[in-house]
1. Could you tell me the relative contact order of segment 21-78? Use alpha-carbon pairs under 8 Å, at least six residues apart, and round to a whole percent.
2. Provide the net charge surrounding Val34, with neighbours chosen by a C-beta distance below 12 Å and charges set as Lys +1, Arg +1, Asp -1, Glu -1.
3. Using the Cβ atoms and a cut-off under 14 Å, what net charge is assigned to the surroundings of Asn74, where Lys and Arg are +1 and Asp and Glu are -1?
Amino acid sequence: MITYKVKTMTTLDNQPNNHGVIMKNNELQQLLTVPKVMEHFGISRTTLYLLTKTELPFVKVRNRKFFRPEDINNLIKKNYHTP
């Protein structure tokens, strides 16, 4: 007999929908969509696609990609250069 531990996700208060939210260690975590990341960096979809191929991790749900804010911050720290 195999026993599975199932985590249930309750609805969020004061949120119109639950899009872009995941559970991590029983904590809800906000995810960024492709358009939000493109707007934040001021880059094209093609450039973002290339970043996902080389250095930017993402969560894929069906055919949509989502990004964790800490991964975005890590990318910024990794590529930060001072003269």
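1. It comes to 33 percent, rounded to a whole number.
2. Result for the local shell: +4.
3. Numbers: positive: Arg68, Lys77, Lys78; negative: Glu55, Glu70, Asp71.
With Lys, Arg at +1 and Asp, Glu at -1, the neighbours total 0.
FYI, it's all coordinate maths here, none of it is from the lab. In this text, all values refer to a predicted model and were calculated from it rather than measured experimentally. Positions of Cβ are backbone-derived with ideal geometry, glycine not excepted, and every protein chain shown enters the neighbour counts.
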